[in-house]
1. For region 7-36, give me each residue that is surrounded by 12 or more Cβ atoms within 10 Å (Cβ to Cβ), out of contact with any Gly (no Cβ under 6 Å at 6 or more places or on another chain) and closer than 19 Å to Met49 by Cβ.
2. Pick from region 1-59 the residues that are in a helix (DSSP H, G or I) and in contact (Cβ under 8 Å) with a residue 40 or more places away in the chain: which of them is nearest to Ala115 (Cα to Cα)?
Amino acid sequence: MLALGGLTYGVIEAGAAGLATPRVLAAFAVAVAALAVFGAVQARGAHPMMPLDLFRSRTVIIADVTGFAFIVGYYGLPFLMSLYLQQVRGLSALAAGAAFVPMMLIGAALTPFSARLARGWAPGCRSSRAWC
């Protein structure tokens, strides 16, 4: 929580105050330090919240990178597209929102199957374990 809070604060304030200001650099430093402490605690714990051996799995790494890229685009798209649809194309707010319904339905339909799809694409990973 401290790492995400420091990162979020740093990114938000970097836009207003500048990337090299002391409070932004301090926020990023807190985020990095908190993440390092979290990783060290998880590596030594008997029952970690985040088992670090998960990241030895190619399937988990590919799913994480793909998910991150998807989320970056998925959260930026509605904001920019709603402005475009309303200001350039002249749609009302309701019509612009309705234009997003197919995208949301596809996401809702495919999300329950994403783990099974990721596991199915990993070479040699046909096991029923949670990760390969």
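1. Leu7, Ala33, Ala34, Leu35
2. Among those that are in a helix (DSSP H, G or I) and in contact (Cβ under 8 Å) with a residue 40 or more places away in the chain, it is Thr59.
Only the coordinates and a few stated rules stand behind these numbers; no lab work does. No experiment lies behind these values; they were computed from the predicted model shown. Neighbour counts run over all protein chains shown; Cβ positions are idealised from the backbone, glycine included.
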